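In what follows, a single structure is set out as structure tokens and then discussed.
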């Protein structure tokens, strides 16, 4: 995978609203699965992109720190939060998910909406160790990622023959099975609290049916 090509793709997709998450109605399920943490808690959203999920969290009564590696979108979203009167509730930071610029045990909840699936496999353990570091004991991680039960998405057929990681338009896509994700998180002290799997039509192609895993893990 060419990391520069993937960066360029997300830079363009965020600016144009063409990233896949813009048009997938995952928000309601994700909001239903938020753990019982205090309102006004600070949530870390990794891979925050255009801030669409972060804004939902703010409206739900939380404060949010978002982090993304595309500097231009971080700057744009920080401008947007001022216009939306969210400046006291949110802040977005330029940085890498595999090297989070926060102290240990900083957050009661970290959310990842579709970041994990784009990371190269050699980075998985670095990323998961960072999540385990910044989440406090008994804290949570919500992870939403691509399911290997996806029958068709952007010309890929992982349910028929999963050959993850795939590369499409310069972007890496990994379609996970449930046990694989649970096993990876378990290595870093996380226990599965809740899991749902849902399927969505997408605008990429009328015949597409995209499957998503919704996970909530707790750090023990």
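Worth pointing out:
Residue-wise test of (1) in contact (Cβ under 8 Å) with a residue 60 or more places away in the chain; (2) farther than 24 Å from residue 201 by Cα.
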{"position": "12", "(1), (2)": "no, no"}
{"position": "32", "(1), (2)": "no, no"}
{"position": "36", "(1), (2)": "no, yes"}
{"position": "42", "(1), (2)": "yes, yes"}
{"position": "69", "(1), (2)": "yes, yes"}
{"position": "100", "(1), (2)": "no, yes"}
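- Enumerated helices (runs of 4 or more DSSP H) restricted to the range 1-66, each holding at least 3 residues that are touching a helix residue (DSSP H, G or I) at 6+ places or on another chain (Cβ under 8 Å), closer than 21 Å to residue 95 by Cα and modelled with pLDDT under 85: 3-16
- Residue count for the range 67-92 satisfying the condition of being over 18 Å from residue 126 (Cβ atoms) and either touching a strand residue (DSSP E or B) at 6+ places or on another chain (Cβ under 7 Å) or not in a helix (DSSP H, G or I) (or both): 15.
- Residue within the range 154-168 that is surrounded by fewer than 14 Cβ atoms within 10 Å (Cβ to Cβ) and under 30 Å from residue 103 (Cβ atoms) present: no
- Any chance residue 180 is under 18 Å from the mean Cα position of the chain (by Cα) and under 26 Å from residue 139 (Cα atoms): yes
- Odd one out for residue 24 among (1) surrounded by 14 or more Cβ atoms within 10 Å (Cβ to Cβ); (2) closer than 22 Å to residue 133 by Cα: (2)
- Index of the failed condition, residue 167 passing every other in (1) out of contact with any helix residue (DSSP H, G or I) (no Cβ under 8 Å at 6 or more places or on another chain); (2) touching a residue at least 60 places away in the same chain (Cβ under 8 Å); (3) more than 26 Å from residue 206 (Cα to Cα): (3)
- The range 186-220: number of residues that are modelled with pLDDT under 95 and surrounded by 15 or more Cβ atoms within 10 Å (Cβ to Cβ): 6
The values are calculated or read from the model by the stated rules, or taken from the named source; none is laboratory data. Keep in mind the model is a prediction, meaning the values are calculated, not measured. Note that we place each Cβ from the backbone using ideal geometry, even for glycine, and neighbour counts take in every protein chain shown.
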